[in-house]
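Visitor: Okay, here's the structure, questions in a sec.
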């Protein structure tokens, strides 16, 4: 009979611990919900704003403010297809493929632009044909997006990457580079064929 109080102490302690854990998890989920709602409000507000010149919105070398994510901007420059990369394992409408990442060299610096999505070829390591960017001077309208975390690129096929990370966009060039990437919406002049444009934000 002496063991009975001790057992109730253990049960009570366990119940208190479980209750504390539940409260912590509930607060964590609530904070995540609030954070997601705040992010969605920023995206919705920015996406609906008229496009502004890139140089008036962000500057080369400066981190992208989260409040500027999905802001529509305009830029004028020339695509450097010789540095073009493919971002692996990007899905669209449940199909696996690649983002086509091409640097746009402007008078103020280089900004990497995702011109769209292409389907995978015969296998996941082989892309389908990539449409060429417009030649010469081009005016681009698109949306500013934040950089992704750095991942290992060892063992990947040539010119393929996993993420759009600082190590990828900065490379070894001394050219001033915007610390963001551009999701292309329109190009002028428009090329004959383009990769499939990325969809609107899901909020």
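Results for (1) at pLDDT 95 or above; (2) closer than 24 Å to residue 127 by Cα, shown as yes or no for each residue.
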{"site": "157", "(1), (2)": "no, yes"}
{"site": "171", "(1), (2)": "no, yes"}
{"site": "179", "(1), (2)": "yes, no"}
{"site": "185", "(1), (2)": "yes, yes"}
{"site": "195", "(1), (2)": "yes, yes"}
{"site": "199", "(1), (2)": "no, yes"}
{"site": "202", "(1), (2)": "no, no"}
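Visitor: How many of the residues making up the stretch 84-107 are under 18 Å from residue 140 (Cα atoms) and either in contact with a strand residue (DSSP E or B) (Cβ under 6 Å, 6 or more places away or on another chain) or outside the structural domain of residue 174 (by TED's automatic domain parsing) (or both)?
Guide: So the count comes out to 9.
Visitor: Scan the stretch 162-179 for residues that are part of a loop (DSSP other than H, G, I, E, B) and surrounded by 11 or more Cβ atoms within 10 Å (Cβ to Cβ) and jot them down.
Guide: Passing the criteria: 162, 163, 164, 165, 171, 173, 175, 176.
Visitor: State the number of residues belonging to the stretch 42-56 that are assigned to a helix (DSSP H, G or I) and closer than 17 Å to residue 140 by Cα.
Guide: Number of matching residues: 4.
The values are calculated or read from the model by the stated rules, or taken from the named source; none is laboratory data. Predicted model only: the values in this text are computed from it and were never measured. All Cβ positions, glycine included, derive from the backbone under ideal geometry; neighbour counts span all protein chains shown.
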